[in-house]
Amino acid sequence: MRIGVLTGGGDCPGLNAVIRAVVRKGTGYGHEFVGFRDGWRGPMTGATLPLGLDEVDGILARGGTILGSSRTNPYKEEGGLEQIRGHFADLGIDALVAIGGEDTLGVAKRLTDDGIPVVGVPKTIDNDLGATDYTFGFDTAVSIATEAVDRLRTTAESHHRCLVVEVMGRHAGWIALHTGLAGGADVTLIPEVPFDVEQVAGWCKQVSDRGHAPLVVVAEGALPEGGRESAQHEKLDAFGHVQLGGIATWLADELEQRTGTESRAVVLGHVQRGGTPTAYDRVLSTRFGLAAIDAVHAGTFGVMAALRGTDVVLVPLAEATAELKTVPRERYDEAQVFFG
């Protein structure tokens with residue numbers, strides 16, 4: 001078989017490990033591989049690059065993706081599906097491995113419905129894809145954010161400041177939840193639970209009264225009760241998302257006014273998904289890649305590799321993209337024990 005491979009959406013530590021696993025095991029099966037450049041833009045334009053053993057040698061620990069990525073949505077482009085069909089025919093593509101998050105795999109599901117054989121691999125630092133316990137990239141993002149919190153706490157204590165740390169998480173607060181717990185945050189705010197600014201200020205004041213510097217972790221999609229998400233601008237991408245950001249700056253100003261404690265905002269931004277993957281993410285990415293190529297080799301399409309407990313299994317793409325996996329209230333209640 002001649003198999004295409006693409007990576008779509010935001011880049012993520014572990015993408016190259018998946019590509020390596022797919023090619024290494026697939027080559028052993030006798031398959032040939034074609035890398036599509038820049039997400040779904042590659043199949044639409046026919047932009048490819050060679051993808052053999054030489055190309056994947058030494059990429060296990062590299063961050064980003066050697067294939068490039070984009071947020072292109074072929075179903076939003078006129079003739080997008082027909083372009084993909086045409087280029088697949090011209091290139092002799094028999095199947096596709098699509099590595100991505102909610103949006104990328106949503107397209108993969110629609111392509112499967114339209115008769116194009118696709119197998120998915122779940123990628124997102126947000127850990128918000130349904131049908132899998134964890135996605136690769138999440139552990140790396142939490143590790144980076146936790147290290148940042150550890151470093152910020154020492155400077156906050158030195159200057160008796162309140163620090164508000166903004167992490168990624170549009171609709172799901174998994175990064176914020178895990179970072180807050182691992183970093184010992186005094187308050188953690190997530191998109192699933194709107195927050196009362198006065199209550200947050202009260203928790204911060206309790207910390208200050210004990211002689212310590214309050215540290216707040218807030219997801220970019222968190223919002224105050226009766227408020228709305230903080231967006232940098234109203235322009236939508238191809239999947240209908242606005243670029244979020246600014247909640248930490250707004251919250252730091254509000255807390256300083258309410259508590260009298262000098263407050264600063266720190267936005268971690270893209271640093272959370274850059275750089276080398278953790279050992280856990282390298283292993284998980286590799287296992288997902290092996291499962292994906294096994295599915296292709298067996299002719300099992302319309303599925304996604306998923307982690308259930310410690311086992312990697314195959315689940316329907318329809319199940320994986322049916323709804324976002326958000327933080328359950330009981331998990332947030334665990335974190336609230338440590339607020340204030």
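The values are calculated or read from the model by the stated rules, or taken from the named source; none is laboratory data. Keep in mind that this is a model prediction, so the values were computed, not measured. In this analysis, Cβ positions are derived from the backbone assuming ideal geometry, glycine residues included, and neighbour counts consider all displayed protein chains. In case anyone asks, the SASA skips ligands and DNA or RNA and just uses the protein heavy atoms, side chains included. Shrake-Rupley method; radii C 1.70, N 1.55, O 1.52, S 1.80 Å.
Some points to look at:
- Set of the range 144-172 residues, backbone N closer than 18 Å to the point 7 Å along the Cα-Cβ line of residue 197: 162-166
- Value of relative contact order over the range 135-193, rounded to a whole percent, pairs C-alpha under 8 Å and six or more apart: 34 percent
- Only one residue of 125, 26, 335 has its Cα farthest out toward the positive end of the dipole of the chain, where Lys and Arg carry +1 and Asp and Glu -1 on Cβ, and that residue is 26.
- Measuring spread by the Cα atoms of the range 16-121 yields a radius of gyration and Dmax of 13.3, 39 Å.
- Global geometry of the range 276-340, whether rounded, prolate or oblate, following the gyration tensor of its Cα atoms and the 1.5 cut on a/c: oblate
- Accessible area per residue for the range 109-180 is 31 Å², calculated with a 1.4 Å probe on protein heavy atoms, without ligands, DNA or RNA.
- Kirkwood-based shape ratio for the range 67-198, expressed as Rg/Rh from alpha carbons: 1.14
- Placing a pseudo-label 7 Å from each Cα along the Cα-to-Cβ vector at residue 322 and residue 32 gives an inter-label distance of 4.0 nm.
- Helix 80-91 vs. the chain, principal-axis angle (Cα, 0 to 90°, nearest 10): 50 degrees
- Under a model in which nothing but the beta-carbon of Lys, Arg (+1) and Asp, Glu (-1) is charged, the range 1-81 shows a dipole of about 160 debye around its Cα centre.
- Cα-derived Rg over Rh, computed across the range 70-138 with Rh taken as Kirkwood radius: 1.01
- Nearest 10 degrees, 0 to 90: helix 197-209 Cα axis against the chain principal axis: 60 degrees
- Dipole of the chain, positive end: most advanced residue of 191, 165, 283 [Cβ charges, Cα centre]: 283
- Over the chain, all Cα pairs binned in 10 Å intervals from 0 give whole-percent P(r) values of 6, 26, 30, 20, 12, 5, 1, listed from short to long.
- The chain - percent of accessible surface contributed by carbon and sulfur, probe 1.4 Å: 48 percent
- Cα Rg over Rh - the range 123-216, Kirkwood: 1.01
- Electrostatic dipole magnitude of the range 105-187 [Cβ: Lys, Arg +1; Asp, Glu -1; Cα centre; debye, to 20]: 140 debye
- Accessible solvent surface per residue of the range 255-294, calculated while the other protein chains remain in place, 1.4 angstrom probe, Å²: 47 Å²
- Value of relative contact order over the chain, rounded to a whole percent, pairs C-alpha under 8 Å and six or more apart: 23 percent
- The C-alpha atoms of the chain define a longest principal axis, and helix 138-159 lies at about 20 degrees to it.
- Euclidean distance of C-alpha centroids, the range 1-57 and the range 165-226, integer Å: 39 Å
- Rounded to the nearest 10 square angstrom, residue 270 shows an accessible area of 120 square angstrom against a 1.4 Å probe.
- In terms of packing, defined here as the mean over residues of other Cβ atoms within 10 angstrom, the peptides 108-117, 8-17, 47-56 line up highest first as 8-17, 108-117, 47-56.
- Area accessible to solvent at residue 29, 1.4 Å probe radius, in Å²: 90 Å²
- The chain - charge dipole about Cα centre, Lys and Arg +1 at Cβ, Asp and Glu -1, debye rounded to 20: 660 debye
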